[in-house]
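S.K.: Mind having a look at this structure? Questions to follow.
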Amino acid sequence: MANGKHEAWQALKFTLFSASAGIIQIITYTLMYEVLHWAPWLSYLVSLVLSVLWNFTFNRKYTFRSDADIKRSMLLVGLFYLVFTPLSTWWTAALTGENPFTGAAASGEPLVNNYVVQIGTMLINFVTEFLYQKFVVYRGTIDTNERARKQQDKEA
């Protein structure tokens, strides 16, 4: 596959898997926030972890087709989220105007609707995670797994 087409296909796969992870995140967030009445930050945190596990699994195998060490790859993704999660949890609380621990309104009316904040956060996560995975986590190991090797053999 030509390099430009390959890059576009890789970005499309990442987008589709991220969209499926986003659906998981929104559904689980909604269940926890609306049905279980958890605080927004906790609903966000749990739904984020579920979506990250889903996204990591599929992108490693199908998007980046990497045979990189899974423990190292997961550690690097974990380091990304060690920075992203506190920041995004903080801005979720700040933008929704709720106490991050109790979910109670901290200063009257919310500044931004919870779902608008979630969607914006997911878009920021999508872009930064793609770049981080492509250029940090899987650098030098893209298209090295068995699936990629079989396709390369078929094309040769």
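S.K.: Kindly list the number of the only condition in (1) at pLDDT below 95; (2) part of a helix (DSSP H, G or I) that fails for residue 68.
M.R.: For residue 68, the failing item is (2).
S.K.: Pairs needed: first member in segment 73-96, touching a residue at least 24 places away in the same chain (Cβ under 8 Å) and buried (at least 17 other Cβ atoms within 10 Å of the Cβ); second member anywhere, among the β-branched types (Val, Ile, Thr) and not in a helix (DSSP H, G or I); C-beta distance under 7 Å; at least 6 residues apart or different chains.
M.R.: Qualifying pairs under 7 Å: 96/112.
S.K.: What pairs come up if the first residue lies in segment 1-22 and is of a type in the set (Lys, Arg), the second is assigned to a helix (DSSP H, G or I), and their beta carbons are under 7 Å apart, counting only those six or more places apart or on different chains?
M.R.: Note: pairs meeting the criteria are 13/62; 13/63.
S.K.: Out of (1) part of a loop (DSSP other than H, G, I, E, B); (2) closer than 24 Å to residue 154 by Cβ, the odd one out for residue 6 is which?
M.R.: Against the list (1) part of a loop (DSSP other than H, G, I, E, B); (2) closer than 24 Å to residue 154 by Cβ, residue 6 comes up short only on (1).
S.K.: Okay, next question. Only one of (1) farther than 22 Å from residue 143 by Cβ; (2) among the charged types (D, E, K, R); (3) touching a residue at least 12 places away in the same chain (Cβ under 8 Å) is not met by residue 34, so which one is it?
M.R.: In the conditions (1) farther than 22 Å from residue 143 by Cβ; (2) among the charged types (D, E, K, R); (3) touching a residue at least 12 places away in the same chain (Cβ under 8 Å), residue 34 misses (3) alone.
The values are calculated or read from the model by the stated rules, or taken from the named source; none is laboratory data. Being a predicted model, the structure only gives us computed values, none of them experimental. Please note: Cβ atoms are built from the backbone with ideal geometry, for glycine as well, and neighbour counts cover all protein chains shown.
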